[in-house]
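Colleague: Got a structure here, written out as structure tokens. Questions coming.
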Amino acid sequence: MSDEDRFVLCMLAPAVAILGLLVAYPVGLLIFDSFFKVETITPHIREWVGVQNYVDALTSKRVAESALRTLQYSVFALFFEFTFGFCAALLFSAMAGQSRWHRTIFALPLMVPPIVAGLLWRFLLVGNIGILNYGLVRLGLISDPNEIAWLSSEDIVIYSVSFADIWLTTSFVALVSYAGLTNIPSDLLEAARIDGANALKRFWHVTLPLMRPVIAVVVIVRGVDAAKTFDLIWIQTQGGPRHASEVFSMNIYQRMVRFGDLGEASASGTLFLLVMMLLAGIAYRKIWRPAHA
């Protein structure tokens with residue numbers, strides 16, 4: 001081994017040690033605990049149960065329902081975040097240097113802590129005192145503030161709690177997309193315009209293919225982040241009413257903290273980790289990889 005290689009290893013060693021301590025060890029402990037019956041009251045007492053925790057998690061109706069709600073929440077939030085954020089990025093790109101202050105103001109929600117955002121939207125949506133319903137009454141869209149129960153209706157609550165997530169992180173999608181748009185060579189767009197391509201064709205055949213890596217980053221980062229959301233939903237509904245807004249991360253929390261079943265909570269967490277890695281890999285292959293083929 002050369003001196004240069006040893007120097008590189010020495011420089012990487014602290015980062016590798018920190019990652020091992022903060023990432024590899026907790027993940028390893030999570031997987032290890034998933035094969036035992038462990039209670040949070042007596043974590044030193046372990047009973048080997050093999051894959052029984054995984055069987056219980058996979059056959060649990062409540063776990064399946066929370067996984068479905070997680071999918072509903074993630075798809076709904078990601079769709080509107082990407083739609084609004086990408087459109088805002090296109091607008092900023094069209095405005096060029098004139099959008100500096102607009103981008104700054106648009107990024108302000110990123111500075112709000114999720115707990116504060118959850119409290120804010122809870123006051124906006126809650127019952128007959130929510131500001132949103134009174135605003136709709138003033139606009140004549142509804143006749144009574146009690147007409148729409150945003151946080152107490154089992155049919156719409158999982159979508160209502162995503163409003164805070166959409167408001168909070170749309171600016172992240174917009175800024176990342178804007179950064180990608182600024183890296184598209186202007187001569188390609190100009191050549192397409194000279195060839196007679198209108199704005200829609202230039203977007204579809206030039207801009208969108210070159211934005212595939214950026215879109216992949218947004219979908220993976222925001223998709224995983226939305227799927228593991230806990231604080232925004234908990235502060236608004238605590239999983240209610242009747243578990244109608246209980247997502248997968250909240251189910252893991254309830255199983256571990258309220259019921260004290262560390263083993264099954266670890267199995268659910270391991271399954272969640274595997275599914276997120278699988279979805280991230282699919283998004284990479286379907287969105288990013290063709291751009292480099």
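Colleague: For GLU264, are the conditions met, namely being surrounded by 14 or more Cβ atoms within 10 Å (Cβ to Cβ), of a type in the set (D, E, K, R) and assigned to a helix (DSSP H, G or I)?
Modeller: yes
Colleague: Here's another thing I want to ask about it. Restricting to the range 240-257, count the residues that are at pLDDT below 90 and small (Gly, Ala, Ser).
Modeller: Of the residues in the range 240-257, 1 are at pLDDT below 90 and small (Gly, Ala, Ser).
Colleague: Please work out if ARG222 is part of a helix (DSSP H, G or I), within 21 Å of VAL116 (Cα to Cα) and either at pLDDT 90 or above or touching a helix residue (DSSP H, G or I) at 6+ places or on another chain (Cβ under 9 Å) (or both).
Modeller: Against the criterion (part of a helix (DSSP H, G or I), within 21 Å of VAL116 (Cα to Cα) and either at pLDDT 90 or above or touching a helix residue (DSSP H, G or I) at 6+ places or on another chain (Cβ under 9 Å) (or both)), ARG222 qualifies.
Colleague: Sort out which residues of the range 2-29 are touching a residue at least 60 places away in the same chain (Cβ under 8 Å) and among the hydroxyl-bearing types (Ser, Thr, Tyr), and write them in order of number.
Modeller: If the condition is that a residue be touching a residue at least 60 places away in the same chain (Cβ under 8 Å) and among the hydroxyl-bearing types (Ser, Thr, Tyr), then no residue fits.
Colleague: Moving on. Mind listing just one residue for me: the one in the range 166-179 that is closer than 20 Å to LEU208 by Cβ and open to solvent by less than 10 Å² (accessible area, probe 1.4 Å) and, of those, nearest to the chain's Cα centre (by Cα)?
Modeller: It comes out as VAL173.
Colleague: While we're on this one: Exactly one of (1) loosely packed, with under 15 Cβ neighbours inside 10 Å; (2) over 30 Å from SER153 (Cβ atoms) is unmet by PHE259. Its number?
Modeller: The number of the failed condition is (2).
Colleague: Only one residue in GLY85, GLY118, GLY140 is within 30 Å of ALA199 (Cα to Cα) and either assigned to a helix (DSSP H, G or I) or free of Cβ contacts under 8 Å to residues at least 60 places away in the same chain (or both). Which one?
Modeller: Only one candidate qualifies: GLY85.
Colleague: Kindly provide the set of residues from the range 53-97 that are aromatic (Phe, Trp, Tyr) and loosely packed, with under 14 Cβ neighbours inside 10 Å, ordered by number.
Modeller: If the condition is that a residue be aromatic (Phe, Trp, Tyr) and loosely packed, with under 14 Cβ neighbours inside 10 Å, then PHE79 is the only one that fits.
Colleague: Looking at the range 30-44 only, could you name the residues that are without any contact (Cβ under 8 Å) to a residue 12 or more places away in the chain and within 13 Å of GLY260 (Cα to Cα)?
Modeller: THR42
Colleague: Specify which of the listed residues (PRO109, PRO14) is surrounded by fewer than 10 Cβ atoms within 10 Å (Cβ to Cβ) and either modelled with pLDDT under 90 or assigned to a helix (DSSP H, G or I) (or both).
Modeller: PRO14
Colleague: So which residues in the range 156-195 are free of Cβ contacts under 8 Å to residues at least 24 places away in the same chain, part of a loop (DSSP other than H, G, I, E, B) and of a type in the set (Val, Ile, Thr)?
Modeller: ILE156
Colleague: So, one more: Would you mention how many residues in the range 225-251 are β-branched (Val, Ile, Thr), open to solvent by less than 30 Å² (accessible area, probe 1.4 Å) and part of a helix (DSSP H, G or I)?
Modeller: Qualifying residue count for the region: 2.
Colleague: Let me ask you something else. How many residues are open to solvent by less than 80 Å² (accessible area, probe 1.4 Å) and over 26 Å from SER74 (Cβ atoms) if we restrict to the range 134-165?
Modeller: 7
The values are calculated or read from the model by the stated rules, or taken from the named source; none is laboratory data. Since the model is a prediction, treat every value here as computed from it, not as a measurement. Cβ sites come from the backbone with ideal geometry, for glycine too, and all protein chains shown count toward neighbours. Keep in mind that these areas ignore ligands, DNA and RNA; they rest on the heavy atoms of the full protein, side chains included. Shrake-Rupley method; radii C 1.70, N 1.55, O 1.52, S 1.80 Å.
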